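To start, the structure itself, in structure tokens.
The values are calculated or read from the model by the stated rules, or taken from the named source; none is laboratory data. Just so it is clear, the model here is predicted, and its values are computed rather than measured. Cβ: placed from backbone, ideal geometry, glycine included. Neighbour counts: every protein chain shown. Surface accessibility is based on the protein's heavy atoms, side chains included, excluding ligands, DNA and RNA. Shrake-Rupley method; radii C 1.70, N 1.55, O 1.52, S 1.80 Å.
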Amino acid sequence: MKDIAKRFEELFGRAPEIVTAAPGRVNLIGEHIDYSEGFVLPFAISDTTLVALARRSDRLIRIASVQKSAEVVEIALDDLALHVGENWARYALGVLWVLGVDTGVELLVDGRVPLGAGLSSSAALECSIATAVNHLFQKGLSLAELARATQKAENDYVGVPCGIMDQSVSLMARSGSALLLDCRDLTTENIPFLIAPQGLELLIIDTQAHHKLVDGGYAQRRASCEKAVADLGITSLRDISVAEYAARQSELDPTTYIRGFHAVTEMKRVLDAVDALRSNNFSKLGELLNQSHRSLRDDYAVSCPELNLAVDTSNAQGALGSRMVGGGFGGSAIALMKTDQVKRTKEAVSKAFSSAGFKAPRFFTSLPSAGAHVISS
Ligand code: GLA
């Protein structure tokens with residue numbers, strides 16, 4: 001694969017001033033609770049999005065992506081607030097808009113996080129650009145500030161109502177660890193996640209499914225959690241125990257109750273998963289993954305037949321546990337299993353997908369990797 005600095009030079013006729021990388025993620029556990037101020041436990045995967053950037057002496061912004069045939073999109077810096085461009089360009093421009101650049105720039109993206117697999121290629125793109133801008137323009141922003149800024153870019157510029165998890169882990173992850181992130185104040189703790197010495201592997205199964213509900217369904221789930229908070233008169237679902245929540249069921253309509261029930265139980269499962277990891281209790285971790293999946297499938301209703309088949313087939317092959325990850329309605333599932341079960345699980349999942357008439361799934365594995373960083377400047 002060609003070096004991004006070389007490609008930048010071919011495209012823009014000079015060397016970049018900075019090259020950065022930021023990873024995609026999988027979430028071990030803690031799904032759909034980042035926007036309810038919960039704890040989540042994602043880790044960064046080894047696939048990253050590379051960005052090469054250089055300032056211009058005028059006020060023109062020129063951006064291109066290797067994955068879009070390096071076709072250059074141009075916009076005047078003073079027109080940034082107009083929210084123009086096709087989708088991928090809006091993610092990039094949104095970050096320039098939110099962080100503010102005082103000169104034009106040339107920017108090339110090489111996104112190596114699998115697209116559309118629910119592995120947060122968009123957060124990787126945003127965070128790689130944010131890292132480059134923060135360094136080159138000497139913004140001096142902390143990782144938490146960059147996470148909030150990139151989330152704002154996605155919410156307000158692109159128009160996707162995502163939470164804070166994906167950007168935070170893409171910026172803050174450490175290799176060898178999952179990131180215990182407190183989504184209320186963005187404080188973190190690195191929880192070692194070294195499964196290879198235990199003879200275990202985390203298989204990532206990209207179902208290649210993308211159901212239409214993705215956008216509307218996500219916003220509806222968020223709205224249900226906000227309604228539960230408002231109807232119960234509490235500050236956040238974070239502030240109520242499972243027992244107390246259950247005791248107040250009659251105060252909520254059935255749909256609001258069951259959505260919030262997922263959130264409060266998932267919050268507890270994250271803390272239990274941290275305990276399990278700290279005591280190397282991987283069968284307990286597997287059980288928590290299964291519970292999380294059932295809760296997302298039955299209570300939160302964000303799974304889909306492809307995700308359920310990936311999970312059920314992995315478990316039938318002897319996985320310790322398996323669940324859907326990310327926003328749902330498609331994307332990827334993870335399955336924790338003994339290394340020697342990986343091959344036959346892949347075969348079994350592929351066969352089950354083919355018999356069900358689903359698209360062929362893709363498989364990945366990844367060790368927990370480092371967050372966004374400068375490669376050269
Ligand atoms: C998407 C969002 C995240 C988070 C997950 C679900 O990935 O971008 O903020 O809400 O869904 O956990």
Just to be sure before I move on: is GLU266 surrounded by 15 or more Cβ atoms within 10 Å (Cβ to Cβ), more than 16 Å from the ligand (Cβ to nearest atom) and not in a loop (DSSP other than H, G, I, E, B) in the structure I sent? no
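For every residue, the table says whether it meets (1) buried (at least 24 other Cβ atoms within 10 Å of the Cβ); (2) in a helix (DSSP H, G or I); (3) in contact with a Ser or Thr (Cβ under 8 Å, 6 or more places away or on another chain); (4) of a type in the set (Asp, Glu).
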{"residue": "SER283", "(1), (2), (3), (4)": "no, yes, no, no"}
{"residue": "GLU287", "(1), (2), (3), (4)": "no, yes, no, yes"}
{"residue": "ASN290", "(1), (2), (3), (4)": "no, yes, yes, no"}
{"residue": "SER295", "(1), (2), (3), (4)": "no, yes, yes, no"}
{"residue": "ASP298", "(1), (2), (3), (4)": "no, yes, no, yes"}
{"residue": "ALA301", "(1), (2), (3), (4)": "no, no, no, no"}
{"residue": "LEU307", "(1), (2), (3), (4)": "yes, yes, yes, no"}
{"residue": "ALA310", "(1), (2), (3), (4)": "yes, yes, yes, no"}
{"residue": "SER322", "(1), (2), (3), (4)": "yes, no, yes, no"}
Looking at the structure I just gave you, is ALA130 buried (at least 24 other Cβ atoms within 10 Å of the Cβ), free of Cβ contacts under 8 Å to residues at least 40 places away in the same chain and in contact with a Leu (Cβ under 6 Å, 6 or more places away or on another chain)? no
Among residues belonging to region 155-182 that are over 28 Å from GLN220 (Cβ atoms) and of a type in the set (S, T, N, Q), point out the one that is most open to solvent (accessible area, probe 1.4 Å). SER175
Which ones in region 17-35 are buried (at least 24 other Cβ atoms within 10 Å of the Cβ) and in a loop (DSSP other than H, G, I, E, B)? GLY30, GLU31, HIS32, ILE33
Close pairs (9 angstrom Cβ cut-off, 6 or more residues apart or separate chains): within 16 Å of PRO361 (Cα to Cα) in region 314-330, assigned to a strand (DSSP E or B) and open to solvent by 20 Å² or more (accessible area, probe 1.4 Å) anywhere: PHE329/HIS210; GLY330/GLN208; GLY330/HIS210
Residue pairs qualifying under the 7 Å Cβ cut-off, at least six apart or on distinct chains, with the first in region 360-376 being over 10 Å from ALA173 (Cα atoms) and the second being of a type in the set (Lys, Arg), are PHE363/LYS346
Tell me the residue from VAL158, VAL133 that is modelled with pLDDT under 95, in contact with a helix residue (DSSP H, G or I) (Cβ under 6 Å, 6 or more places away or on another chain) and farther than 22 Å from ASP272 by Cα, please. VAL158
Residue that is least open to solvent (accessible area, probe 1.4 Å), among those in region 341-367 that are among the basic types (Lys, Arg) and under 14 Å from GLY331 (Cα atoms): ARG362
Residues that are outside any strand (DSSP E or B), among the charged types (D, E, K, R) and touching a strand residue (DSSP E or B) at 6+ places or on another chain (Cβ under 7 Å), drawn from region 94-126: ARG112
Do we have any residue at all in region 224-239 that's assigned to a loop (DSSP other than H, G, I, E, B) and touching a helix residue (DSSP H, G or I) at 6+ places or on another chain (Cβ under 8 Å)? yes
Does any residue of region 204-219 turn out to be open to solvent by 60 Å² or more (accessible area, probe 1.4 Å) and modelled with pLDDT of 95 or more? no
Report yes if ARG221 is within 23 Å of VAL264 (Cα to Cα) and in contact with a His (Cβ under 7 Å, 6 or more places away or on another chain), otherwise no. yes
Filter pass, ASP79 being open to solvent by 50 Å² or more (accessible area, probe 1.4 Å), assigned to a loop (DSSP other than H, G, I, E, B), more than 16 Å from the ligand (Cβ to nearest atom) and under 26 Å from LEU60 (Cβ atoms): no
When you look at THR255, is it of a type outside the set (Lys, Arg), surrounded by fewer than 20 Cβ atoms within 10 Å (Cβ to Cβ) and part of a loop (DSSP other than H, G, I, E, B), yes or no? no
Does any residue of region 100-114 turn out to be open to solvent by less than 50 Å² (accessible area, probe 1.4 Å) and modelled with pLDDT under 95? yes
Of (1) surrounded by 15 or more Cβ atoms within 10 Å (Cβ to Cβ); (2) of a type outside the set (Phe, Trp, Tyr); (3) within 24 Å of ASP110 (Cα to Cα), GLY38 fails just (3)
Tally, over region 1-58, of residues that are under 23 Å from GLY100 (Cβ atoms), within 16 Å of the ligand (Cβ to nearest atom) and not hydroxyl-bearing (Ser, Thr, Tyr): 1
